[in-house]
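The structure under discussion appears below in the form of structure tokens.
Readers should treat all values here as calculations from the given coordinates under stated rules, not as data from a laboratory. Since the structure is predicted, the reported quantities are computational estimates derived from the model, not experimental observations. When we count neighbours, we look across all protein chains shown, and the Cβ atoms used for this are built from the backbone with ideal geometry, even at glycine.
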Amino acid sequence: MKITTLIIAVIISINLYAQFGSSALMDAKSSGMGSTYNTTAKGIYTLGINPANLVHGNNTDFEMSIPFPFPSLGVRGGTDFITIEDINYFFGGVDGKPRLLTDSDKERLNGLFEDGGKISFDLGLEIFSASYVSTPKVGAFGFSIKDYAGWYFQIPGAVSNLVLYGNTLGKVHDLSDADVKAMYIRSYSLSYAREIVEWKQKVFDKIAAGISFKIYSGFAYAGTDQVNSSVELDNNLGVNTKSKLLAYSSFSPDLGVKYDFDSVETDPKPSPFMTPAGSGFGIDIGFTAVWKKNWTFSLAFTDIGSINWTGNNAKFATDVDYYIETFETESEEGKKSQLDSLKEMFDTIATKTGEFSTSLPTTLRMGAAYKFTKENSGVPGVLIVALDYNQGFNNLPGNSTTPRFSIGSEWKPMDWIPFIRTGFSFGGANGFGWAFGLGINMGVMDLDIASTNMETAFSPNSSKRVSVSIGSKWKF
């Protein structure tokens, strides 16, 4: 199995929205607030974000999410560097024929790829979740089962220059920033939170702490571990090619993935309850505080842990340092021989490997929120405005070491008007996004819908991503 094939296999294996990493999709309520959730997520929606927020509840003792009347899920895909309009212009052709790019076209296209670019996709499903809030001394409890699947491809910035202008004399085209990762995992989380009533401090109205213990099942993983590649045309018109690549993959046996070293081919048997290819353990730790009734502050570390992959594992490796002499003096047979040798060296073959581990998308989450009411500010109904900071500690699907800031609001002006939510997100794996969402309170049930990329609806040609999240929960 070649590298491209294994990546496609992971993508196809995704058969599924989960609180996962600094930039992944969240519940529809949080998504509508610009993925602002560190202080505003309560009840089942805080599982995976900050377990301490369980103590706040939602004016109810028990709530849960099940796939009825519809499941809580979300999907998002796109790029961080090129718009739909650009794709249509450069790659859509003219009257059914390829577009002939002018020098200015090439310059503009090369500028889009100058710093590289990322193509990503997130998909998730909340299978079941429940939370119960007891007395302050007893605390609050939560349980959830969530699926997450995602992948990304980091395109090196040198690719466009190499394709558009060829191998420029004396220029080293560094392709080492290439990166590909894909995964499909399921988490089982048990959470507990309690107000610290024993601490007789006088600053905050309430201080609480919470912890979540998570068991992970991994069904598919593929990712590069090391990439060090470059291409250079020297003064003698020879091409110096270097490539050092290391990648790993692991699949559930139920997916029927066949490697080059496998002698027997098995039929895929995908199902909602496949045999895991890996397992892991993680912890979420969080704190929350209420000040002067209307201020809420939050701090949490989530997904501290790793997954150990022991299933159908393979390693992909190349170590190439090859010099192609100038073709100017080569015969056709000589040219073909050199190209065949180079192709053979780059023909990465899978080899069987033992277990390996990958980190969970560990994230630091901080936030602050203020509740405006008619009594304290003259605002009709209740308006909550929140500010979040999320910092991932690794680059994985749904997570990024680039910090993400967001600001969001939720307004319920009157009882008969739905919850109106909006917000803006900056940075992280997905860059800028304007979100909007609505929530309907039907007594024992809440229904929510949102998109984190509303700019797509108003200006689809200039958009880079599309997303939608829906959710429902029962309250008793």
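Across the stretch 133-145, coupling constants 3J(HN,Hα) worked out from phi with the 6.51/-1.76/1.60 Karplus curve, θ = phi - 60°, read 10, 9, 6, x, 6, 7, x, 10, 10, x, 9, 8, 10 Hz, and Gly and Pro carry x.
Work out the length of the dipole vector of the chain about its Cα centre, built from +1 on the beta-carbon of each Lys and Arg and -1 on the beta-carbon of each Asp and Glu, and round it to the nearest 20 debye. Each step should come with its number before you reach the end.
Details: 40 positive and 49 negative charges, 485 e Å.
Using only the charged Cβ atoms, the result is roughly 2320 debye.
The residue list Ser409, Ser469, Gly431 was ranked by how far each Cα lies along the charge dipole of the stretch 395-476 toward its positive end, using unit charges on Cβ atoms, and Gly431 comes out on top. Take each peptide in 68-78, 374-384, count the other Cβ atoms within 10 Å of every residue, and average; sorted highest first, the result is 68-78, 374-384. Across the stretch 405-417, rounded Karplus estimates of 3J(HN,Hα) from the backbone phi angles (6.51 cos²θ - 1.76 cosθ + 1.60, θ = phi - 60°) give 10, 8, 10, x, 9, 9, 10, 10, x, 8, 4, 8, 9 Hz, Gly and Pro being marked x. Ranked by the mean number of other Cβ atoms within 10 Å of their residues, highest first, the peptides 209-217, 131-139 fall in the order 209-217, 131-139.
Only the Cβ atoms of Lys and Arg (+1) and of Asp and Glu (-1) were treated as charged; on that basis the dipole of the stretch 355-415 about its Cα centre amounts to roughly 140 debye. Using the rule -39500 (n - 2.57) for each DSSP H run of four or more residues, divided by the residues of the chain, the 222 nm mean residue ellipticity is -3500 deg cm²/dmol.
In a shell of Cβ-Cβ distance under 13 Å around Leu109, excluding Leu109 itself, what net charge do Lys and Arg (+1) and Asp and Glu (-1) give? Mind dumping the intermediate values first?
Details: positive: Arg99, Lys106, Arg108; negative: Glu85, Asp86, Asp103, Asp105, Glu107, Glu114.
Here the charged neighbours net out to -3.
Taking Lys and Arg as +1 and Asp and Glu as -1, the other residues whose beta-carbon sits under 15 Å from that of Ile119 total -1.
Report the net charge of residues surrounding Ile384, where surrounding means a beta-carbon distance below 10 angstrom and charges are Lys +1, Arg +1, Asp -1, Glu -1.
Numbers: positive: Lys371, Lys412, Arg421; negative: Glu410.
Combined, the nearby Lys, Arg, Asp and Glu give +2.
Derived scalar couplings between HN and Hα for the stretch 79-87 equal 10, 10, 9, 9, 8, 4, 4, 5, 4 Hz in order, rounded to whole Hz, by the Karplus curve 6.51 cos²θ - 1.76 cosθ + 1.60 (θ = phi - 60°), x for Gly and Pro. Of the chymotrypsin sites (Phe, Trp or Tyr not before Pro) in the stretch 349-418, the ones in a loop by DSSP (not H, G, I, E or B) with at most 12 other beta carbons within 10 Å are Trp416.
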